[in-house]
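Taking it in order: structure first as structure tokens, then the write-up.
Where a number appears in this text, it was derived from the coordinates with a stated rule and is not lab data. What you see is a predicted model; the values in this text were computed from it and never measured. Neighbour counts run over all protein chains shown; Cβ positions are idealised from the backbone, glycine included.
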């Protein structure tokens, strides 16, 4: 069987030249569409509404007669605190800690430092790792500042925080106490 290799090579060259031209066109089209998407995304954050009052029959009466259609939007700020039971952790009794007692922020557990571990949901939602929070003992009224160094699985025991020994002593807490943790 005879195969005309020369014709195949010529056709392949023509095809590659044609494809190369189309590749540039496709790339330009993709860039153009990307630009449209960027512009649309930028301007979609702005909403401008034009209403021709003359086009609405009895517009003044509609506004007066149906005031319930005008909705008032009230934006409430998210809470900046959590209240609940806190336990404490130490070098001797740290349940769930790594072997070398490394906290989530990379520091080693120090019983003399005023630190606190909060639930992973709070730490990730409000980006609290390495932040300073205010902790108040709700029974005694004592307050102190502590650095968020770790997250913990103590939420399954209905607790909101794990206090270091120094934080527990600053708040005059026993092994469990009711606290209010305030963060920004």
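Could you tell me which of rounded, prolate or oblate describes region 81-182, using a ≥ b ≥ c as the square roots of the eigenvalues of the alpha-carbon gyration tensor, with rounded for a/c under 1.5 and, failing that, prolate when a/b is larger than b/c and oblate otherwise?
On the way: a/c = 1.44, a/b = 1.22, b/c = 1.18.
Rounded, because the longest to shortest axis ratio a/c is under 1.5.
Only bridges with both residues in region 81-182 count here: give the DSSP antiparallel percent, nearest 5.
Numbers: 19 of 27 bridges.
Approximately 70 percent, going by the DSSP bridge assignments.
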Quiz item: For region 94-131 and region 169-184, what is the separation of their C-alpha centers, rounded to whole Å?
Solution: 16 Å
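What is the order of 99, 136, fewest Cβ neighbours within 10 Å to most?
Values: 99 5, 136 18.
Fewest to most other Cβ atoms nearby, the residues stand as 99, 136.
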Self-check item: Inter-probe distance in nm under a simple model that places probes 7 Å from Cα toward Cβ, at residue 32 and residue 156
Solution: 5.8 nm
